[in-house]
Structure formats: C-alpha cells, structure tokens
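Before I ask anything, here is the structure I am working with.
Rule-based calculations on the coordinates, nothing more; no lab input. Keep in mind it's a predicted model, so treat the numbers as computed, not measured. Because the Cβ atoms are built from the backbone with ideal geometry, glycine has one as well, and the counts that use them run over all protein chains shown.
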Amino acid sequence: MFKEWLRIKKFLKSCPDKSFRLVNKDPKNINSAVYKKERLWESETECNYISITGHRYFGVTIAYQDVDAYAERDMEKTRDMGVGMLPPKLAQIMINLWSRTTEASAIYDPFCWLGTILIEAANMGYTEIFGSDISREMVDVTKKSIADFVMKKDLKLGSLIFEADASKIATRLPDAIDIRTTTIVTEWYLGDVLNARTVSDEKIREQWRKLARIYDGFFRDLRTIGFRGDIVISFPFWELRGKNIFFEDITLIIDRYRFTRQPLLDD
C-alpha cells in the first residue's frame with residue numbers, strides 16, 4: 001500500500017503549480033496528532049485509500065480527533081482517581097447516542113461526579129445542563145469545574161447543580177428540570193473500587209445488592225413522577241478469574257418500571 005502511495009505521489013508531481021508529499025513516516029496511517037500538526041483539515045488534503053474484500057475506496061478525511069483538546073478538558077478539571085474516571089470521549093459518545101435521534105434539549109446527570117458529562121455537553125453546544133450527586137463534595141467540585149470551563153470558553157450556559165440521592169429523586173427534582181424533554185445521560189454509581197487483590201464472589205454479590213437498591217429506587221421514582229425523556233446510562237461489570245460479570249439485574253429493573261430498552265444498533 002505504501003509503495004502505491006509513492007507511485008501516486010510521483011504521478012501527481014507532474015501536475016503544474018501543485019505540491020504533493022506524504023506525511024507518513026512509514027507504511028502506516030498517520031495519527032490525529034500528525035493530522036493536526038500538518039493542519040490538513042484546512043484544505044481536506046488527507047487522502048485515504050482502502051481495500052476491502054476486493055473493493056477499493058478512495059476518500060478524504062473531513063474531521064479528526066483533537067487529542068490535545070480532550071486531554072486539556074480532562075486534566076484541567078478537578079481529578080480524583082477513585083471516582084469520576086469517565087473519559088471525555090466516552091461521555092461525548094453517550095451524548096451522541098441520544099442526540100442522533102432527538103432534538104437538542106436539556107441534559108441531566110444524576111451522578112455528576114466530577115462533572116465530565118456536563119462539561120462535554122456544554123462543549124458540544126448544549127445550553128441547559130443539570131447535575132446532582134449524593135455527595136456535597138462532588139456537587140461543589142462539579143460547580144467549580146463547570147464555572148472554570150464556562151469562563152475559559154466564554155459560554156452562555158444555564159446550569160443547576162444540586163445535592164440529591166438518586167434513589168429518592170422524586171422528592172428532590174427541581175421544577176427547572178422538565179420531565180418531558182430533559183434527557184438523562186450519566187455514568188451510574190459503580191460501587192466500591194475493587195482491584196485484582198480485593199475482588200471476590202462475595203464482594204461482587206455485596207456490590208450487586210447495593211447497586212440494585214439504588215437503581216431500583218431511581219427508576220421507581222422516575223416512573224412515579226412520569227418522566228418521559230430519554231435515558232443513556234453506562235453500567236458496571238466486574239472481572240473475576242478471567243470472566244466478565246455484568247450487572248444483569250438492570251434489565252429486570254428497567255422492565256419492571258415499564259421503560260423501553262433501545263438497541264444500540266439498528267436492525
């Protein structure tokens with residue numbers, strides 16, 4: 001493939017008043033850092049040649065992952081290695097999973113942790129964001145992180161961050177959150193931090209029961225208040241002896257309170 005590009009470059013050099021070069025330093029695709037450094041987005045000049053099952057495709061890159069911007073947003077906010085480790089890119093994906101089929105409205109994160117999802121929502125252009133957490137410390141951290149981000153980006157943003165137990169949200173949800181149009185995007189409480197030395201069958205069962213109570217209370221209260229918005233949630237799983245153990249009770253809880261589960265991919 002690399003030899004073919006060299007041959008194409010040699011051919012294109014014969015075009016008058018044009019300059020062509022390969023920024024690949026070896027027979028591999030360039031990464032987003034090189035794409036940004038070479039400012040290839042300005043003229044859409046990264047060409048892509050793809051061969052798949054006997055078919056050949058030729059395309060042009062029109063967007064790239066700004067790794068520096070992701071790192072900046074991730075590192076500049078308050079960090080805690082024990083909680084709130086959701087990567088900004090995953091937060092962005094979760095928001096996009098909802099917005100691809102729904103008009104933009106308000107976003108509410110009932111487990112706001114360090115504010116990652118809300119910051120990404122603001123960065124993507126959403127102007128109404130709400131967040132809550134059972135921890136006063138996390139509420140204060142999120143408020144500060146959002147305030148710092150808004151000031152740096154000079155954004156106009158409506159936000160409300162408040163203290164609340166997500167399993168008893170019916171009594172704490174402020175009137176500002178419209179239960180008909182607000183979308184919930186959140187990384188749920190994942191339980192205690194476990195590592196290879198502390199994880200065990202007993203620990204997993206203990207965490208399972210604890211999470212089930214929280215999630216059941218949350219969906220029960222959403223049903224009680226008649227919540228009709230969309231919900232995008234990441235759930236925990238555990239790894240034990242090379243096996244992934246998923247929190248399968250979540251499907252039972254969702255069905256119990258008559259919420260509809262949507263597949264990630266279309267049929």
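Is the C-alpha gyration tensor of the chain telling us rounded, prolate or oblate? Criteria: a/c under 1.5 is rounded; beyond that, a/b larger than b/c is prolate, otherwise oblate.
prolate
From Cα pairs below 8 angstrom and at least 6 apart in sequence, can you work out the relative contact order of the range 2-60, rounded to a whole percent?
19 percent
Relative contact order of the chain, please, whole-number percent, based on alpha carbon pairs below 8 angstrom and at least 6 residues apart.
14 percent
Something else: Can you work out the FRET efficiency for the pair SER14 and LYS37, with r the C-beta to C-beta distance and R0 = 30 Å, to the nearest 0.05?
0.60
Using a Gaussian network for the chain with springs between C-alpha atoms less than 10 Å apart, which of these wobbles most: SER105, SER43, SER132?
Evaluated over the chain, the most mobile residue of the options is SER43.
Each label point is 7 Å from the Cα along the Cα-to-Cβ direction; what then is the distance between the points at ARG258 and SER200, in nm?
4.3 nm
Give LYS28/LYS243; LYS9/LYS89; LYS37/LYS89; LYS89/LYS152; LYS37/LYS144; LYS77/LYS210 a once-over and call out the pairs whose C-alpha atoms are over 25 Å from each other.
Distance filter (> 25 Å) returns LYS28/LYS243; LYS9/LYS89; LYS37/LYS144; LYS77/LYS210.
Return the percentage of antiparallel bridges among DSSP beta bridges fully within the chain, rounded to the nearest 5 %.
40 percent
Then there's this: What list of ³J(HN,Hα) values in whole Hz, one per residue of the range 213-227 in order, does the Karplus curve 6.51 cos²θ - 1.76 cosθ + 1.60 (θ = phi - 60°) give from phi, with Gly and Pro shown as x?
5, 5, 5, 4, x, 5, 5, 4, 5, 4, 5, 4, 8, x, 4
While we're looking at this one, here's another question. Considering only GLY158, GLY226, GLY242, give the residue with the highest GNM mean-square fluctuation for the chain, with springs between Cα atoms whenever their separation is below 10 Å.
Residue with maximal mean-square fluctuation among GLY158, GLY226, GLY242: GLY242.
Another question, if that's okay. Evaluate the distance, in nm, between pseudo-label points positioned 7 Å from the Cα of LYS144 and of ALA69 along their respective Cα→Cβ axes.
If labels sit at LYS144 and ALA69, their model points lie 2.7 nm apart.
Go ahead and set up a Gaussian network model of the chain, Cα springs under 10 Å, then flag whichever of PHE149, PHE130, PHE111 fluctuates most.
Checking each option, the largest mean-square fluctuation is seen for PHE149.
Taking only C-alpha pairs under 8 Å that are 6+ residues apart, what is the relative contact order of the range 63-179 in percent?
Details: 142 pairs, mean separation 26.8, N = 117.
Value for the range 63-179: 23 percent.
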